[in-house]
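The values are calculated or read from the model by the stated rules, or taken from the named source; none is laboratory data. Only a predicted model underlies this, so the values are computations on that prediction, with no experimental measurement involved. Here Cβ is always computed from backbone atoms with ideal geometry, including for glycine, and neighbour counts include all displayed protein chains. Side chains included, ligands, DNA and RNA excluded: accessible areas come from the protein's heavy atoms. Shrake-Rupley method; radii C 1.70, N 1.55, O 1.52, S 1.80 Å.
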Amino acid sequence: MALRLMGLGWFVASCILIGVLGGVWLDTWMNVSPLFTLLGAILGSVIAFYGLYKMIGPIVEQTNKNTNDR
């Protein structure tokens, strides 16, 4: 379980980083300065936290189940 939780930080960081780098690339390609970088950061953050929510759900359920079984 500890390794799973450590992987969550990498997941969040990589989603945001990919969004920002994709935005920077689009800004350079289309010659519009901060627009796509900001949109990429926002989209990356939304995807990261949605994925985080989906990945943490089973861990919380398992913890609640183990607590209720005692």
Practice task
Keeping to the range 1-35, report how many residues are under 9 Å from the mean Cα position of the chain (by Cα) and surrounded by 13 or more Cβ atoms within 10 Å (Cβ to Cβ).
Solution key: 5
Practice task
For the range 59-66, state whether one or more residues are in a loop (DSSP other than H, G, I, E, B) and touching a residue at least 24 places away in the same chain (Cβ under 8 Å).
Solution key: no
Exercise for the section: Return yes when residue 64 is open to solvent by 100 Å² or more (accessible area, probe 1.4 Å) and not acidic (Asp, Glu) and no when it is not. Expected result: no
Exercise for the section: Just name the residue that is most open to solvent (accessible area, probe 1.4 Å) out of those in the range 36-57 that are more than 15 Å from residue 13 (Cβ to Cβ) and modelled with pLDDT under 95. Expected result: 53
Exercise for the section: Please list, ordered by first then second residue, the pairs with beta carbon atoms under 7 Å, 6 or more apart or interchain, first in the range 14-32 and in a helix (DSSP H, G or I), second of a type in the set (Val, Ile, Thr) and surrounded by 13 or more Cβ atoms within 10 Å (Cβ to Cβ). Expected result: 15/47; 20/37; 23/37; 24/37; 27/37
